[in-house]
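Below you'll find the structure, written out as C-alpha cells, and then a few comments.
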Amino acid sequence: MLKLLARLGENFLYLLETTGRMGMFLGASFASIFRPPYSIYAIVRQIYFFGARSVTVILIVGLFTGMVLGLQGYHNLKQFGSEELLGSAVALSLIQELGPVLTALMVIGRAGSAICAEIGIMRHSEQIDALECMAIDPLKYLVAPKFVAALISLPVLAFIFNIVGIFGGYLAGVVLLGVSEGSYFQGMYNSVEWADIRLCLIKSLIFGVLIVWICTFKGYFLHLSRTGVFGAEGVSRVTTDAVVFASVSILVWDYLIGSLILS
C-alpha cells in the first residue's frame with residue numbers, strides 16, 4: 001500500500017513538474033519570437049517545410065474526405081428527401097470540424113514527428129549544448145521559426161483542405177450521384193457564414209501552436225524523459241509519445257474550442 005501511494009505521489013509530482021516546464025517553455029519560446037535578431041530565411045525555410053511540403057498530402061486527404069462526405073451525405077439525406085442540402089452539409093462539416101482537425105493530424109504525422117526527432121537528436125548529440133556554449137539561444141534559433149511557420153502554414157493548409165474537400169463533395173454528389181449543381185452551391189452559399197470561417201481560422205492557429213509546442217518540447221527535453229532510454233531508441237520513443245500526445249491534444253482542444261465558441 002505504501003509503495004502504491006509513493007508511486008502515485010511520484011507520478012503526480014512528475015506531472016506537475018512537466019506541466020510547469022511546458023508552460024515555461026511555451027512562454028520563453030514566444031518571447032524569443034519578438035527578440036532580435038530576426039531570421040527571415042529560417043522562417044521561410046520552416047514555412048516551406050511545414051506548408052509547401054505538406055500540400056500534396058493535404059490535397060489527397062481533402063479530396064477523398066470531401067468525396068466520402070458527399071457519398072455518405074447523399075445517401076443519408078436521400079432518406080428524408082433533402083438531397084439539395086448536400087452542399088451545406090459538406091461545407092459546414094469541412095469548415096467547422098474536419099478541415100482544421102484532419103489538416104492538423106496530417107501535419108503532425110508529416111512534420112511534427114520530424115521536428116521532434118530532429119531536436120531530440122540534436123539534444124542527444126549535444127548540439128543544443130554547443131549552441132548555448134556559443135551564446136546562441138536554442139529557442140530563438142531552433143523553436144521560434146517553427147512557431148511562426150506553423151501559425152502561417154496551418155490556416156493556409158486548412159483552407160486548401162476545405163476548398164479541395166468541397167470540390168470532392170461536388171464530384172461525388174453532383175457528378176457521380178446526380179445532385180443538382182445549383183442546389184449544391186446555393187445550399188452552401190446560404191448556410192456558410194463568416195462565423196464558420198472564423199472558427200476554422202481560430203482552430204488552425206491553436207492547433208499550429210499545439211503541434212510545435214508539444215513536438216519541440218518532447219525533443220528539447222529528451223534527456224529529462226522517463227523512458228530511461230537514450231540514443232536512437234530514446235529518440236524514437238519520444239517521437240512516438242509526441243505524435244500521440246499532440247494528436248490527442250488536437251481532438252481535446254477541438255471539442256473545447258467548439259464548446260466555448262458555439263455555446
* Choice from Ser88, Ser32, Ser191 with maximal GNM fluctuation in the chain (Cα, 10 Å cutoff) -> Ser191
* **Cys with no candidate disulfide partner in the chain (beta-carbon separation under 4.7 Å rule)** => Cys133, Cys200
* Structure fact -> Fewest-first ordering of Thr103, Thr18 by Cβ atoms within 10 Å yields Thr18, Thr103
* Structure fact -> Only helices counted: for the chain, with every DSSP H run of 4 or more residues adding -39500 (n - 2.57) and the sum spread over all residues, [θ] at 222 nm is -26000 deg cm²/dmol
* To do: Return Val244, Val164, Val156 ranked ascending by Cβ neighbour count within 10 Å, so the fewest neighbours appear first.
  => Val244, Val156, Val164
* To do: Over the residues of the chain, compute the C-alpha Rg and express it relative to 2.2 N^0.38 Å.
  => 1.18
* To do: Could you work out which residue, out of Leu13, Leu92, Leu26, moves most in a Gaussian network model of the chain, that is, has the largest mean-square fluctuation with Cα springs under 10 Å?
  => Leu13
* Asked: Exposure proxy check: Met67, Met24 ranked by fewest other beta carbons within 10 Å?
  -> Met24, Met67
* Relative contact order (percent) for segment 39-262, with alpha-carbon contacts under 8 angstrom and 6 or more residues of separation? -> 36 percent
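Just so you know, all these numbers are worked out from the coordinates, no wet-lab data involved. Values in this document were obtained by computation on a predicted structure and should not be read as measured data. Heads up, the Cβs are rebuilt from the backbone with ideal geometry, glycines too, and the neighbour counts pull from every protein chain shown.
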